[in-house]
Amino acid sequence: MRSQVLPWVAPGSARILDLGCGRGATLKTIGSDSRTLAVGVDVSLRDLQTASSLIPHAHFVCAKGEQLPFRDECFDSVICGVALPYMDISRTLAEVRRVLKPSGGLWASLHSFRMVRKHWFRSLYALDLKDIIYRAYVLLNGLVFHFTGTVFRFPLKRGCFESFQTRRGTRRALRRAGFTEEETVKFFVTTAVKPSGTDIPARSKQGRR
């Protein structure tokens, strides 16, 4: 598979999940139509309402990436535009693998160290103490991800995650989640494939679509 800046979906994908869809910009970019089952997931009801009005043939669900309310192996492709860095990456990748069909593909854009460093310097210049502390957490979390492929939540806010990603950490996280053929390019887009003929760890079905 070849990584690219524009969203990638597996050839012949009839069911596509946009994880962290926001207002539906990525689904519009890939040109999904009424012949494709396009599903967008986000935690913002307001953004989902906007997306629903812009893409009436798509379906939108309010949920977290760490707990996807879909049955096993129900999507051919999962795309995730700049949302994965704000999630518990290990849990989310495990969920993505669960809902992907064998040979299904993942496309995700990530955050670079340079971008996070830039925000941290901006906070230092503005003497914004709260944001300085938060950006320090993001930088530390990115380093943890680089060496372990896992992240930890912001201690001062429940359920809050953010980190930067590196090729080494991303490769480690994808392999731990059971993906193969992973590739990350300089624009910080990663692609990966769920291998065919492998079993998904048993877990209860959380929903049906």
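Among the criteria (1) in contact (Cβ under 8 Å) with a residue 40 or more places away in the chain; (2) under 20 Å from THR150 (Cα atoms), the one ARG91 does not fulfil is (1).
The residue list VAL116, VAL144, VAL138 contains one member that is at pLDDT below 90, closer than 10 Å to SER163 by Cα and in a helix (DSSP H, G or I), which is VAL116.
Across the stretch 20-39, the qualifying residues are those that are of a type in the set (A, V, I, L, M, F, W, C) and farther than 16 Å from THR92 by Cα, and the one among them that is modelled with the highest pLDDT is VAL39.
Within the stretch 120-155, the set of residues being within 27 Å of ARG168 (Cβ to Cβ), charged (D, E, K, R) and free of Cβ contacts under 8 Å to residues at least 24 places away in the same chain comprises ARG122, ARG135.
Select from the stretch 142-162 the residues that are crowded, with 18+ Cβ neighbours inside 10 Å and among the hydrophobic types (A, V, I, L, M, F, W, C) and list them in ascending order. The answer is PHE145, VAL151, PHE161.
Of the set (1) within 28 Å of SER196 (Cα to Cα); (2) surrounded by fewer than 21 Cβ atoms within 10 Å (Cβ to Cβ); (3) not assigned by TED's automatic domain parsing to the domain that holds LYS28, all apply to VAL61 but (3). Sort out which residues of the stretch 178-209 are of a type in the set (S, T, N, Q) and at pLDDT below 80, and write them in order of number. Selection gives THR184, THR198, SER204, GLN206. Count of the stretch 40-69 residues, restricted to those that are in contact (Cβ under 8 Å) with a residue 24 or more places away in the chain, within 25 Å of ALA94 (Cα to Cα) and part of a loop (DSSP other than H, G, I, E, B), is 5. Here ARG172 qualifies as surrounded by 14 or more Cβ atoms within 10 Å (Cβ to Cβ) and of a type in the set (Lys, Arg). Taken as a whole, the stretch 170-186 holds no residue that is not in a loop (DSSP other than H, G, I, E, B) and not assigned by TED's automatic domain parsing to the domain that holds GLU66.
The test for being β-branched (Val, Ile, Thr) and part of a loop (DSSP other than H, G, I, E, B) holds for THR150.
The values are calculated or read from the model by the stated rules, or taken from the named source; none is laboratory data. Only a predicted model underlies this, so the values are computations on that prediction, with no experimental measurement involved. Because the Cβ atoms are built from the backbone with ideal geometry, glycine has one as well, and the counts that use them run over all protein chains shown.
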